[in-house]
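Structure record follows, encoded as structure tokens.
Rule-based calculations on the coordinates, nothing more; no lab input. Keep in mind that what you see is a predicted model, and the values were worked out from it rather than measured. Here Cβ is always computed from backbone atoms with ideal geometry, including for glycine, and neighbour counts include all displayed protein chains.
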Amino acid sequence: MEYHRESIQKMPWGKYRGHPVNTIPAGYLGWALEDAEPPITGALRDTIRAEMHERLMGLAAPYNLKAANGISCTSVTVAAAALGIHDLRHLTEAERRDIQRAHLLLAMFNAMQPGVFALSGWDLVGALTLSAESVKDLIVEGDTRWINRGAYDLLGKHPSVTASSSALPRAFALYGALPEQLARPDSFASQLRRMLRVRAQYRIHESQQVELPPVRARGLVVMVHRLPDGGGIQVTAVNFGRTPVREAVTVKTAAAGGTVTDLLAEKALGKLSAARPLALTLGPHEGQVLLIK
């Protein structure tokens, strides 16, 4: 899929056809670069990559660096850049919560659909990138990925250690070690654990994706899955936007009259009417995992 350079200021196809590239959510641009079929090439690909680089590194986010084929970062520093946070050295409590919420939303999007779900130790502790200066001898030949490979102490057994056995500096852990996190119900690890329990209990990883309903809100993604062995219809709704969403989405594969249950909140929300509109109310960077049965 290739386009002439004069046509690339606006998206030529898809959900955001006609929208200026610099107004399109980063999540969609990332999908377009990595997963669009047929693959994007040429000037359009260059424009999208340049836009992503501008948003996620440079003056806007100096803690991330350009890599050979992407951006050297961690999940936490991508979330921070997407939130417009410039300085990670002096985060407010509100900024820390915002980063964690965005990171959990990304985990929800990946975990609450069919297939494999994986996280790194860097994700679990909320590792930030290392300063370029601290690994200057390793990145001197151009491989900047060393900034996202900092050492971490998953169990909190070595609080005074400042580097790994291979001399990699210790990364700052925004969330802390696992034992500390699991003692707090509002931590990243505790909320992730609840999410993964639901994924396993309802066998979402074994489900079949049957619908991607059209939506109006720019940051909203809705995925509909048929659970195995007659387990019902499961809906994952995530709002990647920074504004609240109130929208009714039609779920064609769900039976009218089915009970709608919020699986994470463990609460029944009502019945699906004959027209099958599913009412969604989501805050910024918020998601829901619903069962219709």
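Report yes if Ser120 is within 30 Å of Leu182 (Cα to Cα), small (Gly, Ala, Ser) and in contact with a Ser or Thr (Cβ under 7 Å, 6 or more places away or on another chain), otherwise no.
Answer is no for this residue.
Which condition breaks for Val238 when tested against (1) within 20 Å of Tyr202 (Cα to Cα); (2) surrounded by fewer than 22 Cβ atoms within 10 Å (Cβ to Cβ)?
Here Val238 meets the rest and fails (2).
Kindly establish whether Pro213 is within 30 Å of Leu29 (Cβ to Cβ) and within 22 Å of the chain's Cα centre (by Cα).
Working: within 30 Å of Leu29 (Cβ to Cβ): yes; within 22 Å of the chain's Cα centre (by Cα): yes.
Judged against the criteria, Pro213 is a match.
Could you tell me which of the residues Ala43, Ala81, Ala118 is touching a helix residue (DSSP H, G or I) at 6+ places or on another chain (Cβ under 9 Å) and in a loop (DSSP other than H, G, I, E, B)?
Only one candidate qualifies: Ala118.
Can you work out which of the residues in the stretch 63-119 that are in contact (Cβ under 8 Å) with a residue 12 or more places away in the chain and of a type in the set (S, T, N, Q) is farthest from Ala50 (Cα to Cα)?
Gln113
Residue check, Arg97 against (1) of a type in the set (Lys, Arg); (2) farther than 29 Å from Gly287 by Cα; (3) surrounded by fewer than 13 Cβ atoms within 10 Å (Cβ to Cβ), all met but one. Which one?
It fails just one condition, (2).
Can you spot a residue in the stretch 52-70 that is in contact with a strand residue (DSSP E or B) (Cβ under 8 Å, 6 or more places away or on another chain) and within 30 Å of Pro179 (Cβ to Cβ)?
yes
Considering the stretch 241-262 alone, what residues qualify as being acidic (Asp, Glu) and either crowded, with 20+ Cβ neighbours inside 10 Å or closer than 18 Å to Ser207 by Cα (or both)?
Asp262
Within the stretch 263-278, which residues are surrounded by 13 or more Cβ atoms within 10 Å (Cβ to Cβ) and part of a strand (DSSP E or B)?
Selection gives Leu269, Pro277, Leu278.
Is there any pair linking a residue in the stretch 275-290 that is free of Cβ contacts under 8 Å to residues at least 40 places away in the same chain to one that is surrounded by fewer than 18 Cβ atoms within 10 Å (Cβ to Cβ) and among the β-branched types (Val, Ile, Thr), with Cβ under 7 Å and at least six apart or on different chains, and which?
Listed by first residue and then by second, the contacts come to Arg276/Thr250; Pro277/Thr250.
For the stretch 63-89, give me each residue that is surrounded by 16 or more Cβ atoms within 10 Å (Cβ to Cβ) and among the polar types (S, T, N, Q).
Asn64, Ser72, Thr74, Ser75, Thr77
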